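Accompanying notes for the structure given below.
Any read-out appearing in this document is the output of simple, stated calculations on the displayed coordinates, not a laboratory observation. Source: prediction; values computed, not measured. Virtual Cβ from ideal backbone geometry, glycine too; neighbours counted across all protein chains shown.
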Amino acid sequence: MKQEIIISRDLQAELTAAIGRVGPDRLFVLADTTTAELCWPVVSGFPCMAEAQLITIGATDEAKTLDTLAAVWTALGEGGATRHSMLVNLGGGMVTDLGGFAASTFKRGIAFVNIPTTLLAMVDASVGGKTGINFRGLKNEIGVFNEAQTVILDTHFLRTLDRQNLCSGYAEMLKHGLISNEENLLELLRFDIEHLDYEALKALVAKSVSIKERIVTEDPHEHGLRKALNLGHTVGHAFESLAMAENRTVLHGYAVAWGLVCELYLSATRCGFPSERLHQVAQFVRETYGIFTFTCKEYDRLYELMTHDKKNTAGVINFTLLGAVGDIRINQQAGKDDIFEMLDYYREN
Ligand code: GLY
């Protein structure tokens, strides 16, 4: 059954219908400590939620562990969940990833619905069936592909999101613009993220999700085209890991935005990506996300971190690059010299 993605107009009606399609014997809602406080009250009064049992977990990525997963399985078991029960994941990417995995594995799998509450989860994490937890210090090391039965995107939840988390999600939208077409990209670069027009944002979210949906429908298990969604992430993950090792807080989307600039530079030097677009994106990223600071002493470490990326095969770093906006080139390899030159470019611009 294909995942249903709904841009919400009437959350109560849509959630009632999503639950009705399954007709579960018991209903559970997974929230984190923040969404339990801010978002659960929005839905808890709906008649379809009258019997729902709330399960609350920690709110940060540190809670995305086997222990938390076991606590969710335990709560489901103690709450009387059967194979015919249903879980509604109400939260950001951590909740939809961990909740999706908990639902996919409990009694070999129960139905689940995602109601993402952050921009990052709306345009990326909650759509496309990637579920999982962090394990032994590695992000999303354990998990399965399994799509939520329904994903309901209600942009009203974004009204309580802080600027940093909005910008973080916006980086994935920028990535979707880059892998789709010039019109989408330019619209995103023109959008005023500092003075939000929520209706306009809703339209951009719908467009962004449809780009991801098209790609995951064609290649759900990331054998080819889905690798396009990794644009910016090979370098972005290395920046994120370096920052974590140095106790610097960096949100995922910020690292992706900086990674996009680096990988567009590689795209320009290796695949002919137009330099005008590179400069436009680099300027937008600098103004919106600031810069990630590091010195040339850290190049070896960053290179080493890039070699650990999940997409690599046999120790070779595989990038997704672009020949132009929308011209996707997967499985592009770059040597150490190219990568060091890219890091020089990033620091000097
Ligand atoms: N976050 C990238 C993907 O879903 O494939």
*Can you tell me which residues in the stretch 245-266 are within 23 Å of LYS336 (Cβ to Cβ) and part of a helix (DSSP H, G or I)?*
ALA245, ALA255, VAL256, TRP258, GLY259, LEU260, VAL261, CYS262, GLU263, LEU264, TYR265, LEU266
*Top-ranked residue of the stretch 121-170 - restricted to ones that are within 16 Å of the ligand (Cβ to nearest atom) and of a type in the set (Phe, Trp, Tyr), ranked as nearest to GLU218 (Cα to Cα)*: PHE145
_If I ask for residues that are in contact (Cβ under 8 Å) with a residue 60 or more places away in the chain, surrounded by 18 or more Cβ atoms within 10 Å (Cβ to Cβ) and within 15 Å of PHE112 (Cβ to Cβ), which ones from the stretch 64-86 would you list?_
LEU69, SER85, MET86
*If we scan the stretch 173-191, do we find a residue that is within 19 Å of GLY92 (Cα to Cα) and surrounded by fewer than 22 Cβ atoms within 10 Å (Cβ to Cβ)?*
no
*With LEU54, LEU66, LEU30, LEU76 as the choices, which residue is under 22 Å from LYS107 (Cβ atoms), of a type in the set (A, V, I, L, M, F, W, C) and out of contact with any helix residue (DSSP H, G or I) (no Cβ under 9 Å at 6 or more places or on another chain)?*
LEU66
_Filtered residues of the stretch 267-310 (kept if more than 26 Å from the chain's Cα centre (by Cα), polar (S, T, N, Q) and not in a helix (DSSP H, G or I))_ = THR295
*Please list, ordered by first then second residue, the pairs with beta carbon atoms under 7 Å, 6 or more apart or interchain, first in the stretch 219-243 and more than 20 Å from ASN146 (Cα to Cα), second aliphatic (A, V, I, L, M) and within 10 Å of the ligand (Cβ to nearest atom).*
GLY232/VAL256; HIS233/VAL256; GLY236/VAL256
*Top-ranked residue in the stretch 24-62 [being in contact (Cβ under 8 Å) with a residue 60 or more places away in the chain and more than 28 Å from MET244 (Cβ to Cβ); ranked as surrounded by the most Cβ atoms within 10 Å (Cβ to Cβ)]*: PHE28
*Considering only the stretch 175-226, state which residues are in a loop (DSSP other than H, G, I, E, B), in contact with a Lys or Arg (Cβ under 9 Å, 6 or more places away or on another chain) and within 12 Å of the ligand (Cβ to nearest atom).*
ASP219, PRO220, GLU222
